[in-house]
1. Return the residue satisfying two criteria in turn: it lies in segment 101-140 and is in a strand (DSSP E or B) and of a type in the set (D, E, K, R), and of such residues it is most open to solvent (accessible area, probe 1.4 Å).
2. Which of the residues spanning segment 144-156 are at pLDDT below 85 and either part of a strand (DSSP E or B) or on the phi < 0 side of the Ramachandran plot (or both)?
3. For segment 28-48, which residues satisfy the criterion of being open to solvent by 100 Å² or more (accessible area, probe 1.4 Å) and at pLDDT 65 or above?
4. Quick one: is residue 84 touching a strand residue (DSSP E or B) at 6+ places or on another chain (Cβ under 8 Å) and free of Cβ contacts under 8 Å to residues at least 24 places away in the same chain?
5. Output the residues belonging to segment 116-142 that are touching a residue at least 60 places away in the same chain (Cβ under 8 Å) and not acidic (Asp, Glu).
6. I'm trying to understand the selection: among the residues of segment 78-94, which are open to solvent by 50 Å² or more (accessible area, probe 1.4 Å) and under 20 Å from residue 136 (Cβ atoms)?
Amino acid sequence: MAGSSDKIVMTVIGIAVAIGLLYRLYIWLEGSPRSLIKDKIPINKDILPHPAIDVLEEAGYEVIGGKLKIPLSFRVNGAAMYSRIFIDYVAAKEDGSFYMVILARPRKPLDFTGSGLRDYLLPYLLIYPECSGVLYVNMAAAAIHVIELGKDDGESN
């Protein structure tokens, strides 16, 4: 009789340990950078093929999300106005950093000056501050520009 009660106690302990391990694994997976960013940035699982994906993968990025349309609305003197911005892809690096990917367009080139970057990219960086930055992919030049938002320390002229 004493042997069967030992088996029951060991079974209960084994089940408790297994539940504890599964719970810790769940907490660890939820705490990973990918899950944190996934909760804050919508990810479109439908990734349409494009040559830019190959360029990004060759540079060490993994494309994890497809095109996103982010609707914006404004009220001007009581009247509603609407617009939207587009993110072409969402990419991740092995170190856990995430980037919004914007493809260069001939009709809307990016001016690589402080004010040009501000005007073009600041809405993206403000909407998703969790991102490490923007990857601006110029397929004509086969170049990826990594653009990260920094803060002026007040000492620059």
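1. Out of the qualifying residues, it is 108.
2. Correct list: 149, 150, 151, 152, 153, 155, 156.
3. Correct list: 28, 45, 48.
4. Here the answer is yes, as residue 84 does meet what is asked.
5. If the condition is that a residue be touching a residue at least 60 places away in the same chain (Cβ under 8 Å) and not acidic (Asp, Glu), then 128, 131, 135, 137, 139, 142 are the ones that fit.
6. 84, 86, 93
Quick grid of which residues meet (1) farther than 15 Å from residue 148 by Cα; (2) within 14 Å of the chain's Cα centre (by Cα); (3) at pLDDT 90 or above:
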| site | (1), (2), (3) |
| --- | --- |
| 60 | yes, no, yes |
| 65 | yes, yes, no |
| 72 | yes, no, no |
| 89 | yes, yes, yes |
| 120 | no, no, no |
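Listed here are the residues, each with its yes/no results for (1) modelled with pLDDT of 90 or more; (2) among the small types (Gly, Ala, Ser); (3) in contact with an Asp or Glu (Cβ under 9 Å, 6 or more places away or on another chain).
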residue	(1), (2), (3)
50	no, no, yes
75	yes, no, no
95	no, no, no
98	no, no, yes
136	yes, no, no
142	no, yes, no
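The values are calculated or read from the model by the stated rules, or taken from the named source; none is laboratory data. Note that the coordinates shown come from a computational prediction; the quantities given were computed from them, not determined experimentally. Please note: Cβ atoms are built from the backbone with ideal geometry, for glycine as well, and neighbour counts cover all protein chains shown. For the accessible areas, the whole protein counts, side chains as well, though only heavy atoms, and no ligand, DNA or RNA atoms are used. Shrake-Rupley method; radii C 1.70, N 1.55, O 1.52, S 1.80 Å.
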